[in-house]
Amino acid sequence: MPDVPVYEPVIGLEIHVQLSTRTKMFCGCELSFGEPPNTRTCPVCLGLPGALPVANAKAIHYGLTIGLALGSELAPRSIFHRKNYFYPDLPKGYQISQYDEPLCLGGQLAEVRIHRVHLEEDAAKLIHVGESGRIHASDASIVDFNRGGTPLAEIVTEPDLRSAERAGEWLRLLRTTMRALGVSDVNMEEGSLRCDANISLRPAGSQELGTKTELKNMNSFRFIERGIRAEIARQEKLLRAGERVVQETLHYDPDSGRITSLRSKEQAHDYRYFPEPDLVPVAVEQEMIDAAREAMPELPAARAERYEREGLKAEVARLVAFRAELHESFENERATSKPGLSPDELRALANVIVNEWMPRVDSQAGRPSAGQPLIPVLPGSILTVSGLLTRDEISIGAARQALDVLVVEGGDVRAIIEREGLAAAGDGDELAAIVTAALAANADAAEKIRAGNAKAIGPIVGYVMRETKGRADGGAVTRLVHEQLGV
Amino acid sequence: MSATDPTQLSAAAAARAIAAGELSAAELHDAYLARARADELNCFTWLPDWSPGLAAGSLAAGGSAADAPVVEGLAAGGGQTDGRQAGGPPADGPLAGVPVAVKDLFCTEGVPSQSGSKILQGYLPPYTATAVSRLTEAGATLLGKTNQDEFAMGSSNENSAYGPVLNPWDRARVPGGSSGGSAAAVAAGLAPWALGTDTGGSIRQPAALCGIVGLKPTYGAVSRYGMIAFASSLDQAGPLTRDVTDAALMLRGLVGERDRRDATSLDFPGEIELPSAERLDGVRLGVPEELTGEGIERGVLDAFERALRTAESLGAAVESVRLPHAPHALSAYYIIAPAECSSNLARFDGVRYGLRAEGASDLLDMYTQTRHDGFGPEVKRRVMLGTYVLSSGYYDAYYGRAQRVRTKIVEDFRTAFEQVDLIVTPTAPTVAFELGEKSGDPLSMYLNDFCTVPMSLAGIPAISIPCGLAGAERDLGPGGEGLPVGLQLAGPAFSESRLLDAAHALERAFAFDGSAARA
Amino acid sequence: MIDREQVLHVAGLARLRLAEEEIEPMARELSAVLEHVEWIGELDLDDVLPTSHVIEISGRLRADEPEPCLPREVALAQAPAVRDEGFLVPAVRGSGSTNGQQA
Ligand SMILES: [Mg+2]
Ligand SMILES: [Zn+2]
């Protein structure tokens, strides 16, 4: 190719995560979940004259939990700053945030380095209204302060992502991690996870960073990938035409696919940060770190490693570890076995959950990831089925029948197996007797087998299946035939 | 009805009389209310069933605070004193039945709290400041809200949207500021005592100019919750009283267990004892040369020198100390305070409360016009100054540097208190000046805070007590006797009890007579 | 020292309209005060740490326990303009935005 440069995208993300505390960041108002407007406010979060903020200990705890999970350095002392700007959703005329002394510094998740994690308060909600007859331009806005003051963790990455797709994947991993930590609902549609992307291009192989733009507020995973892709294409077009990328804040409109500038340069921000004099520094004591570490659940990557160590195949281990409904079911079922399970038993349990049980649950709910059947199932039911299978006490066909019924009726799978007569014919002795009878009834075939003709087993198996109405396990029958004939 | 006028009693004496059943709370409240209603000094911005308008020319009509509903309890006062006693504060609290005048900037539920500003005209808060509720829970009753410089920015009370306050010693002169209404009301006997706030001298300087006692406690000793903020890292509430014992009594009601609504508030170590000292034997008083030389008016320096001789006669050792960075305190203060105020006043945007300019075409227009109309000239100046020093490229040269000067000032005091027990200075460089005399020149007005600002930056307690009269530079007060001069005593953090004791001994010896202003 | 341009820039940041006749005095007064406060430039403060809190304390955190909120009518009672249970503000044109919330 004649010198058409190849550009490499360089992408960093800024993620705002609403923390799942009970109350707001700096006041005792409960967090709002769709309550009527302006019913979750107090003098502090309305920015009334004289009101003062006091930081929520749980929010600090969650911030530390996130820092630990991302391998950040937890600052022994951090402070809050005021970020000053005027907007109707910001009642005090400043946002209490963190600036040059954040709670957590550095860290890494997958291949992406974390720059910092800090805490701040969320803005209120603006509802744009128009006078009658006008649709496009809003003439006024209504402010609802219910959301104002909700605690946020802002996670800023280094520019380590190289494609829109990878950015989307990584954000999913971050979401899974946050959910596992229990620090946030991380729901993009509901706004508890919000993402901005800093995007620049550089000639492939170059180490220098190009001029970046900031793509704001993409509110679904799909839009994030599409938006980043569109911005990469826009910048590439500019650069190929010999034009320059201007540093600015952009908005991606998913409907039109258009990217528009949010702020013009003359309105460049000057936030006049200074240390918040109404708050004192946060000193992170060892007990706070210990508490966060103690509350830290097993994270997906560590869980996959553990499953592999316990005997699952790498592929299955990751599959189970990364999908919440799979590892929840897996852990719940294995916990019903007091003595614990052997690697063989664990493998069987994982296989039944992944290949048989969860697809039935999903198709019942009409969508994947439901995780739970509509009617509760007695814990240990899936382990019962996988145990019967490993001990050849049920045929795979019968097991599937049992699960088909179980997902609809719920309850105890043992009762279903008994009622439907699905147990492998014979828990040993019963089946052996039927096999003896079959051998007696098909003496010719028995003779052929003894002579080494394995295929002659057909009529014998057919006899047993007739007698057991198909409940016998083929493998078990073959084994008993060989046993009784001494081959 | 008592044989004597109950308003002649100090707050402590009135509290004792009420507790002993010699005086009824209602009688005392009504007597003060009658005096307050007859006020000719413009001390009040709110009294029950009455509220003044804005200063001439600044308000067209409407929105009068007097129309607003008033919540019972706090606002209970004259005309319904029986009801107050039935449903009001406990009759057996240590301050039971003593009325208190409260600076306008304290939020009082259902009672106008305007911080001397047009932008908050008629504003009725839905909650009460902790400092006020501590006093009312101890039995004090709310007499009224007092005039002040707008958002506590000023040293003459000429910056109030509700008009200037006059000095009861000479009505052509200012009472000082920003707690000018509180100081003048106490000096004139319109209130037994008052609650004020001090950011760079706003309790001590008006106390000095009005011939009363004013105490700025250790930063953090009194909760700031519900105080409409000027400069958060400096603001501190405290008493303005007729005598040192009253100051101790009110302080005792204000401090104690820290307020969990104010992250910067502190548990007060120990109890505030009512002062009893009559001597100063063994007390080392340090005179900082940096605050007692150039810039202090002759008459004030003379009165200060006489006060030092009195202290020595009581057994004190007076010696010289150095506060090398004190001359820079004013500069640091006039960077830090405006910076914080520019941010603290950003909430006055016409959205949730207070004034909104009419007819704005869009949001930006509404903001800028509302703030133009609602803020007075001094507030505008400080908002501009503070915005400038925090703006991109200037932070390090101004705010960052001022915070380092603050560190040096804290160290200066620490060193000085290794040498002496208390530091003494004149409270203000001049006696009360004439209305309008300095209002054209912000810088000369700022120099009023020269002696009080270092203690504010260091967060240490300081008290001003009247130590005598002095002629103003150009003339004397009415009758030619002169105007009050304040003596400032400062001690290390939480040394309030020691400070009050020393002030008590000096007060006895000075035998300052403030009754002329109450006539 | 502070010119008209700077005054207008700072007034813009502070969302403060200045009448034409207020601009020049503001520039003059700010300049005078700044000239005075710049005196601290003389001090050698290289190794000095800044003080934002005079009393060295930390923590002061609040337990994550709910407290009663204001009734809506109380929250809205002092508002200059109210519509649909919220605070009514004029149209936003081209101003900034907050935390990823679009304008
Ligand atoms: Mg943020
Ligand atoms: Zn709140």
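The values are calculated or read from the model by the stated rules, or taken from the named source; none is laboratory data. Quick caveat: nothing in here was measured; it's all calculated off a predicted structure. Heads up, the Cβs are rebuilt from the backbone with ideal geometry, glycines too, and the neighbour counts pull from every protein chain shown. Remember, those area values only see protein heavy atoms, side chains included, never the ligands or the DNA or RNA. Shrake-Rupley method; radii C 1.70, N 1.55, O 1.52, S 1.80 Å.
Going by what's in this entry, would A:Gly63 be described as open to solvent by less than 20 Å² (accessible area, probe 1.4 Å) and small (Gly, Ala, Ser)? Reasoning before the result, please.
Numbers: open to solvent by less than 20 Å² (accessible area, probe 1.4 Å): yes; small (Gly, Ala, Ser): yes.
Here the answer is yes, as A:Gly63 does meet what is asked.
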- Note on the structure: Result of the Cβ filter at 8 Å on the stretch A:185-199, keeping first residues that are closer than 20 Å to A:Ile11 by Cα and partners that are among the aromatic types (Phe, Trp, Tyr), at least 6 apart or interchain, is A:Met188/A:Phe221
- Message: Looking only at the stretch A:40-50, how many residues end up being within 11 Å of ligand 2 (Cβ to nearest atom), within 7 Å of another protein chain (Cβ to nearest Cβ) and open to solvent by less than 40 Å² (accessible area, probe 1.4 Å)?
- Response: 6
- Message: Being more than 7 Å from chain C (Cβ to nearest Cβ) and either touching a strand residue (DSSP E or B) at 6+ places or on another chain (Cβ under 8 Å) or open to solvent by 10 Å² or more (accessible area, probe 1.4 Å) (or both) is the filter here; which residues of the stretch B:383-396 pass it?
- Response: B:Leu390, B:Ser392, B:Gly393, B:Tyr394, B:Tyr395, B:Asp396
- Scanning the stretch A:15-30 for residues that are in a loop (DSSP other than H, G, I, E, B), more than 7 Å from chain C (Cβ to nearest Cβ) and buried (at least 22 other Cβ atoms within 10 Å of the Cβ) gives A:Leu19, A:Lys24, A:Met25, A:Phe26, A:Cys27
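Restricting to the stretch B:397-413, name every residue that is closer than 22 Å to B:Cys341 by Cβ, aromatic (Phe, Trp, Tyr) and either open to solvent by less than 10 Å² (accessible area, probe 1.4 Å) or in a loop (DSSP other than H, G, I, E, B) (or both). Before the answer, list the steps.
Looking only at the stretch B:397-413, we keep the residues that are closer than 22 Å to B:Cys341 by Cβ, and these are B:397-407, B:409-410.
After this cut, where a residue has to be aromatic (Phe, Trp, Tyr) as well, the list is B:398-399.
Of everything in the stretch B:397-413, just one residue is closer than 22 Å to B:Cys341 by Cβ, aromatic (Phe, Trp, Tyr) and either open to solvent by less than 10 Å² (accessible area, probe 1.4 Å) or in a loop (DSSP other than H, G, I, E, B) (or both), namely B:Tyr399.
Quick check: anything in the stretch B:324-335 free of Cβ contacts under 8 Å to residues at least 40 places away in the same chain and either under 28 Å from the mean Cα position of the chain (by Cα) or within 12 Å of chain A (Cβ to nearest Cβ) (or both)?
Just the residues of the stretch B:324-335 that are free of Cβ contacts under 8 Å to residues at least 40 places away in the same chain, to begin with: B:327.
Next, from what is left, pick out any that are either under 28 Å from the mean Cα position of the chain (by Cα) or within 12 Å of chain A (Cβ to nearest Cβ) (or both): B:327.
The answer is yes, given that some residue of the stretch B:324-335 is free of Cβ contacts under 8 Å to residues at least 40 places away in the same chain and either under 28 Å from the mean Cα position of the chain (by Cα) or within 12 Å of chain A (Cβ to nearest Cβ) (or both).
Filter the stretch A:1-34 down to the residues that are closer than 26 Å to C:Gly86 by Cα, more than 11 Å from ligand 2 (Cβ to nearest atom) and at pLDDT below 95 and list them by number.
Kept after step one, since they are closer than 26 Å to C:Gly86 by Cα, are these residues of the stretch A:1-34: A:16-34.
Those left that are additionally more than 11 Å from ligand 2 (Cβ to nearest atom): A:16-22, A:33-34.
Answer for the stretch A:1-34, where residues must be closer than 26 Å to C:Gly86 by Cα, more than 11 Å from ligand 2 (Cβ to nearest atom) and at pLDDT below 95: A:Phe33, A:Gly34.
If you take the residues of the stretch A:98-114 that are touching an Asp or Glu at 6+ places or on another chain (Cβ under 8 Å) and crowded, with 19+ Cβ neighbours inside 10 Å, which of them is farthest from A:Leu174 (Cα to Cα)? Before you say what the answer is, go through the steps one by one.
Step one: of the stretch A:98-114, the residues touching an Asp or Glu at 6+ places or on another chain (Cβ under 8 Å) are A:98, A:104-107, A:111-114.
Of the ones still in play, those that are also crowded, with 19+ Cβ neighbours inside 10 Å are A:98, A:104, A:107, A:112, A:114.
Numbers: A:Gln98: 21, A:Cys104: 16, A:Gly107: 13, A:Val112: 10, A:Ile114: 11 Å.
Among them, the one singled out is A:Gln98.
Looking at B:Leu301, B:Leu285, B:Leu308, B:Leu240, which one is in a strand (DSSP E or B), more than 21 Å from the chain's Cα centre (by Cα) and among the aliphatic types (A, V, I, L, M)? Let's see the steps before the verdict.
Numbers: B:Leu301 fails: in a strand (DSSP E or B); B:Leu308 fails: in a strand (DSSP E or B); B:Leu240 fails: more than 21 Å from the chain's Cα centre (by Cα).
Matching residue, one of B:Leu301, B:Leu285, B:Leu308, B:Leu240: B:Leu285.
From the list B:Arg260, B:Arg309, B:Arg352, which residue is open to solvent by 40 Å² or more (accessible area, probe 1.4 Å), of a type outside the set (A, V, I, L, M, F, W, C) and under 30 Å from A:Gly28 (Cα atoms)? I'd like the intermediate steps shown before the answer.
On the way: B:Arg309 fails: under 30 Å from A:Gly28 (Cα atoms); B:Arg352 fails: open to solvent by 40 Å² or more (accessible area, probe 1.4 Å).
After applying the criteria, what remains is B:Arg260.
Matching residues to (1) among the hydrophobic types (A, V, I, L, M, F, W, C); (2) more than 9 Å from chain A (Cβ to nearest Cβ):
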residue: C:Ile40; (1), (2): yes, yes
residue: C:Thr51; (1), (2): no, yes
residue: C:Leu61; (1), (2): yes, no
residue: C:Glu65; (1), (2): no, no
residue: C:Pro68; (1), (2): no, no
residue: C:Ala75; (1), (2): yes, no
residue: C:Arg83; (1), (2): no, no
- Message: Can you tell me which condition A:Gly67 does not meet? The list is (1) more than 28 Å from C:His53 (Cα to Cα); (2) part of a helix (DSSP H, G or I), and all the others hold.
- Response: (1)
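Just to check your reading of the model, which residue among A:Ala140, A:Ala124 is in contact with a Cys (Cβ under 9 Å, 6 or more places away or on another chain) and within 14 Å of chain B (Cβ to nearest Cβ)? Give the steps one after another, and end with the answer.
Numbers: A:Ala140 fails: in contact with a Cys (Cβ under 9 Å, 6 or more places away or on another chain).
Answer to the check: A:Ala124.
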- Note on the structure: Of (1) in contact (Cβ under 8 Å) with a residue 60 or more places away in the chain; (2) within 16 Å of ligand 2 (Cβ to nearest atom); (3) in a strand (DSSP E or B), A:Gln95 satisfies every one except (1)
- Give the stretch C:16-32 a look and list any residue that's at the interface with chain B (Cβ under 7 Å from one of its Cβ atoms) and more than 15 Å from B:Pro377 (Cα to Cα), or say none. C:Ala32
- Task: Could you check A:Gly71 against (1) away from ligand 2 (no atom under 11 Å from the Cβ); (2) touching an Asp or Glu at 6+ places or on another chain (Cβ under 7 Å); (3) over 23 Å from A:Tyr271 (Cβ atoms) and say which number it fails?
- Result: (2)
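Take C:Arg60 and decide whether it is more than 16 Å from ligand 1 (Cβ to nearest atom), among the basic types (Lys, Arg), at pLDDT below 95 and at positive phi. I'd like the intermediate steps shown before the answer.
Details: more than 16 Å from ligand 1 (Cβ to nearest atom): yes; among the basic types (Lys, Arg): yes; at pLDDT below 95: yes; at positive phi: yes.
When the stated conditions are applied, C:Arg60 passes them.
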- What is the one condition in (1) of a type outside the set (D, E, K, R); (2) in contact with a strand residue (DSSP E or B) (Cβ under 7 Å, 6 or more places away or on another chain); (3) at positive phi that B:Thr292 does not satisfy? (3)
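Just need a number here: residues in the stretch B:355-382 that are in a helix (DSSP H, G or I), open to solvent by 20 Å² or more (accessible area, probe 1.4 Å) and within 12 Å of chain A (Cβ to nearest Cβ). Give the steps one after another, and end with the answer.
To start, the set of residues in the stretch B:355-382 that are in a helix (DSSP H, G or I) comprises B:363-374, B:377-382.
Those still in the list that are open to solvent by 20 Å² or more (accessible area, probe 1.4 Å) too: B:364-365, B:368-369, B:372-373, B:377, B:381.
In the following step, the residues that additionally are within 12 Å of chain A (Cβ to nearest Cβ) were identified as B:364, B:368.
Residues flagged as in a helix (DSSP H, G or I), open to solvent by 20 Å² or more (accessible area, probe 1.4 Å) and within 12 Å of chain A (Cβ to nearest Cβ) within the stretch B:355-382 amount to 2.
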- Query: Only one of (1) touching a Lys or Arg at 6+ places or on another chain (Cβ under 6 Å); (2) among the hydroxyl-bearing types (Ser, Thr, Tyr); (3) surrounded by fewer than 24 Cβ atoms within 10 Å (Cβ to Cβ) is not met by B:Ser182, so which one is it?
  - Reply: (3)
- Within the stretch B:414-450, of all residues that are facing chain C (nearest Cβ under 10 Å) and hydrophobic (A, V, I, L, M, F, W, C), the one surrounded by the most Cβ atoms within 10 Å (Cβ to Cβ) is B:Leu447
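Report yes if C:Glu65 is outside any helix (DSSP H, G or I) and either away from ligand 2 (no atom under 16 Å from the Cβ) or modelled with pLDDT under 95 (or both), otherwise no. Before you say what the answer is, go through the steps one by one.
Working: outside any helix (DSSP H, G or I): yes; either away from ligand 2 (no atom under 16 Å from the Cβ) or modelled with pLDDT under 95 (or both): no.
In short, no.
Table: residues versus (1) of a type in the set (Val, Ile, Thr); (2) exposed (fewer than 15 other Cβ atoms within 10 Å of the Cβ).
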{"site": "C:Val7", "(1), (2)": "yes, no"}
{"site": "C:Glu21", "(1), (2)": "no, yes"}
{"site": "C:Arg28", "(1), (2)": "no, yes"}
{"site": "C:Val37", "(1), (2)": "yes, no"}
{"site": "C:Leu61", "(1), (2)": "no, no"}
{"site": "C:Ala75", "(1), (2)": "no, no"}
{"site": "C:Pro80", "(1), (2)": "no, no"}
